[in-house]
Amino acid sequence: MNLEIRIQKLENWMNSFCIFVKKNFMGIPELKEIIKLKLENADERVLRIVDSVLNEYSKETIAFDSKGYALNLEEYQLKVEEGFEDIKNNKTFTNEEMAIKIEQLKKQ
């Protein structure tokens, strides 16, 4: 087989491989875009199913607060926002201050 044919076969294989990777290993932005396009053409039944799935997903426990209470996605996002507000308002503790508070709690 001459070199030109081998190069052409390699180029064809690489193109096929790139298409395979794009279809099977897409990132989050690409996945979101594909879902948006599909939702634009979806009928009412599909939209209701997607809405139900997303509502259930937001109810799932995804984290726990410092007291051990389960948090769903919405509650978690609120806690994160509260934390950012605390930081903005300088409602923070140094490591030393926190160590003292922990010792005080242990004594109770």
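Data for the structure
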{"read-out": "Positions within the stretch 65-104 being open to solvent by 90 Å² or more (accessible area, probe 1.4 Å) and under 30 Å from residue 35 (Cα atoms), in sequence order", "value": "74, 76, 77, 78, 79, 81"}
{"read-out": "Leading residue by the ranking (farthest from residue 53 (Cα to Cα)) among those in the stretch 67-107 that are in contact with a helix residue (DSSP H, G or I) (Cβ under 9 Å, 6 or more places away or on another chain) and among the hydrophobic types (A, V, I, L, M, F, W, C)", "value": "93"}
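The values are calculated or read from the model by the stated rules, or taken from the named source; none is laboratory data. The model shown is predicted, which means the values in this text are computed figures rather than measured ones. Glycine gets a Cβ as well: all are built from the backbone with ideal geometry, and neighbour counts include every protein chain shown. Accessible surface areas use protein heavy atoms only, side chains included; no ligands, DNA or RNA. Shrake-Rupley method; radii C 1.70, N 1.55, O 1.52, S 1.80 Å.
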